[in-house]
Amino acid sequence: MPKYAAPRGTNDVLPDESPKWEYVESKFRETCALYGYRELRTPTFEHTELFTRNLGETTDVVSKEMYTFNDRGGRSITLRPEGTAPAIRAYVQHNLGASLPLVKVYYIGRIFRYERPQAGRYREHTQLGVEAVGSMDPALDAEVISLAARFYRSVGLDEFELRLNSIGCPVCRPRYREALIKFARVRLDKLCPTCKTRAEQNPMRMFDCKVPECKAVLDDAPVLTGYLGEECAEHFELVRRYLEDLGIAYTLDGRLVRGFDYYTKTAFEFISGRLGAQNAIGGGGRYDNLVEEIGGSPTPAVGFGIGLERVMIALEEAEVELPVGLGLTAFVAATDEATHKLAVRLVFDLRNHGIAADTDYTGRSLKAQMKLADKLRAKYVVILGGDELRTSTVTVRDMSTSEQRIVPIAGLPSTLIGS
């Protein structure tokens with residue numbers, strides 16, 4: 001056993017696997033660029049108040065899962081547990097809306113939550129997200145949803161389901177809240193301790209509960225769509241029409257809520273049958289009041305977050321073959337100490353010509369070097385022996401065909417570039 005291991009709930013991405021992750025991230029960047037979204041990078045940690053005041057103090061993330069500490073200046077700091085609040089903080093702080101009426105950004109960042117580790121759910125994970133700030137047009141909701149769907153398909157993940165709901169707004173939600181409290185009060189004995197507390201403090205959070213008995217009780221609970229005001233109902237209807245016009249299938253789910261209190265109106269979630277019970281691979285919605293709550297002018301917004309680890313597991317379960325990236329163009333194999341010195345200079349020269357090249361630094365035999373070159377997925381092996389050293393030539397072996405040819409050392413870069 002090693003002396004040290006990674007902390008529980010974290011995950012090492014090893015060199016043989018990282019090209020797949022890079023590929024998926026690159027497809028996300030390409031998809032975002034196609035839709036006109038630009039990258040935003042925010043700090044890994046923020047002032048704790050950004051999350052406690054805006055995510056909701058009764059949410060699981062704030063009450064149980066945040067990594068919070070005091071820094072040396074006595075300030076309460078929290079490792080970011082989600083990506084939207086930091087993005088909107090940056091939007092407000094830097095007045096991004098002054099130059100553009102609609103600000104469209106994406107991010108790829110590390111997220112930290114102290115929760116029970118399970119398949120695809122780590123205490124440190126990578127989140128892909130987009131935020132579109134500045135419009136309440138239902139077509140923008142549909143655009144954000146379509147971006148996520150296009151990304152999934154771009155990496156080969158075709159089997160997913162979109163679930164859709166509207167969770168109203170502060171105008172129409174109080175009436176629903178009272179109906180839900182009334183429903184829960186006569187069933188408190190059947191609810192878990194957490195849901196008993198939520199029933200009075202934040203009843204919609206009961207739909208987040210994973211306890212089977214609670215889920216069974218809530219199957220008969222009233223749904224918010226029956227309490228929507230005229231504006232929210234019209235907005236939701238238009239979102240549905242846009243999705244249908246775009247050919248994006250969805251399933252209505254009246255009990256779908258998001259994990260944070262800042263959400264309003266549209267709520268959506270993508271699920272994959274490849275992940276078992278914890279089957280969400282991404283989700284989001286509209287949050288029209290968050291900009292104002294963080295200190296900006298009233299500004300509507302919509303976005304989503306996608307857990308990269310969960311996408312990778314879904315792709316693996318679906319047996320999707322992802323590109324593993326290009327290997328070396330050339331591995332320079334030397335047969336003795338004299339040719340090794342030349343190999344080092346030759347590798348340096350090849351790299352100066354933009355050719356990916358490497359050599360052996362551990363004194364392996366030529367046979368072992370050939371095996372190493374194959375493991376490194378080298379396209380060619382450049383062999384340097386005594387004969388080659390005397391004639392200022394090299395033997396170039398094509399690793400896919402086993403064909404060999406002799407070329408002058410001076411012409412090696414042009415030979416490899418032209419191959």
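The values are calculated or read from the model by the stated rules, or taken from the named source; none is laboratory data. Here the structure is a predicted model, which is why all the values come from computation and not from measurement. No Cβ is skipped: glycine too gets one built from the backbone with ideal geometry, and neighbour counts run over all protein chains shown.
Here are the numbers for this structure:
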read-out	value
Flag for Leu416 being modelled with pLDDT under 95, over 30 Å from Met312 (Cα atoms), more than 42 Å from the chain's Cα centre (by Cα) and not aromatic (Phe, Trp, Tyr)	no
Any chance Ala301 is among the small types (Gly, Ala, Ser), touching a residue at least 60 places away in the same chain (Cβ under 8 Å) and touching a strand residue (DSSP E or B) at 6+ places or on another chain (Cβ under 6 Å)	yes
Any chance Gly284 is part of a strand (DSSP E or B), surrounded by fewer than 22 Cβ atoms within 10 Å (Cβ to Cβ) and either at pLDDT 90 or above or in the same structural domain as Ser135 (by TED's automatic domain parsing) (or both)	no
Enumerated helices (runs of 4 or more DSSP H) restricted to segment 336-416, each holding at least 2 residues that are basic (Lys, Arg)	337-352, 366-375
Count of residues meeting criterion [touching a Pro at 6+ places or on another chain (Cβ under 6 Å) and within 24 Å of Asn352 (Cβ to Cβ)] in segment 317-335	1
Top-ranked residue in segment 96-110 [being in contact with a strand residue (DSSP E or B) (Cβ under 8 Å, 6 or more places away or on another chain) and without any contact (Cβ under 8 Å) to a residue 40 or more places away in the chain; ranked as surrounded by the fewest Cβ atoms within 10 Å (Cβ to Cβ)]	Leu102
Candidates Tyr176, Tyr227, Tyr242, filtered to the one that is hydroxyl-bearing (Ser, Thr, Tyr), closer than 30 Å to Glu30 by Cβ and out of contact with any His (no Cβ under 6 Å at 6 or more places or on another chain)	Tyr242
Single unsatisfied condition, Gly273 versus (1) within 20 Å of the chain's Cα centre (by Cα); (2) more than 24 Å from Arg177 (Cα to Cα); (3) crowded, with 16+ Cβ neighbours inside 10 Å	(3)
Residues (over 15 Å from Phe270 (Cβ atoms) and assigned to a helix (DSSP H, G or I)) located in segment 235-252	His235, Phe236, Glu237, Leu238, Val239, Arg240, Arg241, Tyr242, Glu244, Asp245
Matching entry among Gly156, Gly109, Gly168 (being on the phi < 0 side of the Ramachandran plot, of a type outside the set (Ser, Thr, Tyr) and assigned by TED's automatic domain parsing to the domain that holds Arg310)	Gly109
Positions within segment 397-416 being in contact with a Ser or Thr (Cβ under 7 Å, 6 or more places away or on another chain) and without any contact (Cβ under 8 Å) to a residue 60 or more places away in the chain, in sequence order	Gln404, Ile406, Val407, Pro408
Residues satisfying the stated conditions in segment 141-182, i.e. of a type in the set (Phe, Trp, Tyr) and modelled with pLDDT of 95 or more	Phe151, Tyr152
Residues located in segment 326-350, provided they are in contact with a Phe, Trp or Tyr (Cβ under 8 Å, 6 or more places away or on another chain) and of a type in the set (Asp, Glu)	none
Residue identified as under 21 Å from Pro174 (Cα atoms), of a type in the set (D, E, K, R) and out of contact with any Asp or Glu (no Cβ under 9 Å at 6 or more places or on another chain) among Glu244, Glu213, Glu230	Glu230
Residue match in segment 70-77 (condition: under 21 Å from Gly284 (Cα atoms), modelled with pLDDT of 90 or more and touching a strand residue (DSSP E or B) at 6+ places or on another chain (Cβ under 7 Å))	no
Positions within segment 389-406 being touching a strand residue (DSSP E or B) at 6+ places or on another chain (Cβ under 7 Å) and crowded, with 16+ Cβ neighbours inside 10 Å, in sequence order	Thr393, Val394, Thr395, Val396, Arg397, Met399
Number of the exception - Gly36 against (1) within 21 Å of Arg123 (Cα to Cα); (2) within 23 Å of the chain's Cα centre (by Cα)	(1)
